[in-house]
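Participant: My questions all concern the structure below.
The values are calculated or read from the model by the stated rules, or taken from the named source; none is laboratory data. Predicted, not measured: the structure shown is a model, and the values here were computed from it. Every residue, glycine as well, gets a Cβ built from its backbone with ideal geometry; the counts of neighbours run over all protein chains shown.
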Amino acid sequence: MIRVVSLFLLPTIWGIGFLATRWGLLGLDAYWLTVGRFLLAALLAAPFFPWKRFKEWKGALLASALLLSGMLLQTVGLAHTTVAKNAFLTALYAVFIPAIGASFLRHRIRGLEWGLLGLALLGVALMCNLRLDSFNGGDALTLACAVVFALHILWLDHCAHRTEDAMTFGLAQVMGAGVLGVPIALAADGLPRWHGASVLPVAGLLYLTVLSSLFTFVVQMWVQRHFRPHVAGSVFLLESPIATLAGLAFLGEGISPPGVAGALLILVSAFVLVWRSREGVLEVPVGALPSAQ
């Protein structure tokens, strides 16, 4: 039961993180907020990290690069497309995960599971009040971000079954994202400038650092030992309705009847996928991916 609770806790924290991001942007620009959360997490974790014992830096840094790239592509893409299209195209990672897994990694995906993933994506579209108009550069960047997020989840799935200490690996990933992101933020925005005048940006940054970065990306490594990657990906789509509820509760933002229906579709699809996978996890053939070491 704790595994299921932990799996559903992750998108809950990430969903509320949209609200924290809104607050954090009152103090920092987008690039530095994205990178700063991981950099602060790295500084907090560094004194407690088992530097001499950890030997899996190559795998962890690849995870860091994928995570950071996905988040930056999503952020830049959002600047050139609508919020609805950005949210929907990002959610396509839930389809890319089984598509890549079935095509290249010999993952077995049943027809019902494809159907449930399709229902979840329909739910995202309803929540976004999606209108598919012309495809632009921002959409292309967001689509690339969805591919990168899919590769990130698949790579974590691979590493979670091979690392000796999944949580330490997750911690190394967070620290690596902070370090790798500094030169990118410097090139994009120059030195960080704090322009917040209230407690909200501080609260937002702390939430993103401690909960949305340190806690979730460490626990995610442990969770992915127990659930197949496309099942985890479908549950992570609950981030969208949780974010909507947070906006409703704290910002007074409403949700339309189609949005409510979409949220229920995502929730039902995620629960059924988790229930069907309760017997075990996907066994990735040894050698299907290179070693995380």
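Participant: Out of region 255-293, which residues are outside any helix (DSSP H, G or I) and either modelled with pLDDT of 80 or more or touching a strand residue (DSSP E or B) at 6+ places or on another chain (Cβ under 6 Å) (or both)?
Facilitator: Narrowing region 255-293 to residues outside any helix (DSSP H, G or I): 255-256, 277-293.
Hit for region 255-293 is S256, nothing else.
Participant: Look through region 77-87, keep the residues that are touching a Gly at 6+ places or on another chain (Cβ under 8 Å) and among the hydrophobic types (A, V, I, L, M, F, W, C), and return whichever of them is surrounded by the most Cβ atoms within 10 Å (Cβ to Cβ).
Facilitator: Per the criteria, the residue is L78.
So that you can scan it fast, the table gives a plain yes or no per residue for (1) surrounded by 23 or more Cβ atoms within 10 Å (Cβ to Cβ); (2) out of contact with any helix residue (DSSP H, G or I) (no Cβ under 7 Å at 6 or more places or on another chain); (3) modelled with pLDDT of 90 or more:
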position	(1), (2), (3)
L211	no, no, yes
L214	no, no, yes
M221	yes, no, yes
A232	yes, no, yes
F236	yes, no, yes
A246	no, no, no
E253	no, no, no
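Participant: Could I ask something else about it? Looking at region 88-147, which of the residues that are surrounded by 20 or more Cβ atoms within 10 Å (Cβ to Cβ) and among the polar types (S, T, N, Q) is farthest from S256 (Cα to Cα)?
Facilitator: T142
Rundown of residues vs (1) over 29 Å from A246 (Cα atoms); (2) hydroxyl-bearing (S, T, Y); (3) outside any helix (DSSP H, G or I), yes/no style:
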position	(1), (2), (3)
C145	no, no, no
T168	yes, yes, no
A177	no, no, no
G181	no, no, no
H195	no, no, yes
L205	no, no, no
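Participant: Would you confirm, using the coordinates I've provided, whether F227 is within 22 Å of A150 (Cβ to Cβ), of a type in the set (F, W, Y) and assigned to a helix (DSSP H, G or I)?
Facilitator: On the way: within 22 Å of A150 (Cβ to Cβ): yes; of a type in the set (F, W, Y): yes; assigned to a helix (DSSP H, G or I): no.
No; evaluated as a whole, the condition is false for this residue.
Participant: Within region 30-47, which residues are surrounded by fewer than 18 Cβ atoms within 10 Å (Cβ to Cβ) and of a type outside the set (A, V, I, L, M, F, W, C)?
Facilitator: The answer is P47, and nothing else.
Participant: Filter region 95-111 for residues that are farther than 13 Å from H152 by Cα and of a type in the set (A, V, I, L, M, F, W, C) and give the result.
Facilitator: V95, A99, A102, F104, L105, I109, listed by residue number.
Participant: Continuing with the same structure: Can you run down the residue pairs with Cβ atoms below 6 Å, 6 or more apart or on separate chains, where the first is in region 6-31 and on the phi < 0 side of the Ramachandran plot and the partner is among the acidic types (D, E) and surrounded by fewer than 19 Cβ atoms within 10 Å (Cβ to Cβ)?
Facilitator: Correct list of pairs: D29/D189; Y31/D189.
Participant: On to the next question. Going through region 183-193 one residue at a time, which ones are part of a helix (DSSP H, G or I) and touching a helix residue (DSSP H, G or I) at 6+ places or on another chain (Cβ under 6 Å)?
Facilitator: If we filter region 183-193 for residues that are part of a helix (DSSP H, G or I), which is where we start, we get 183-189.
Within region 183-193, A185, A188, D189 qualify.
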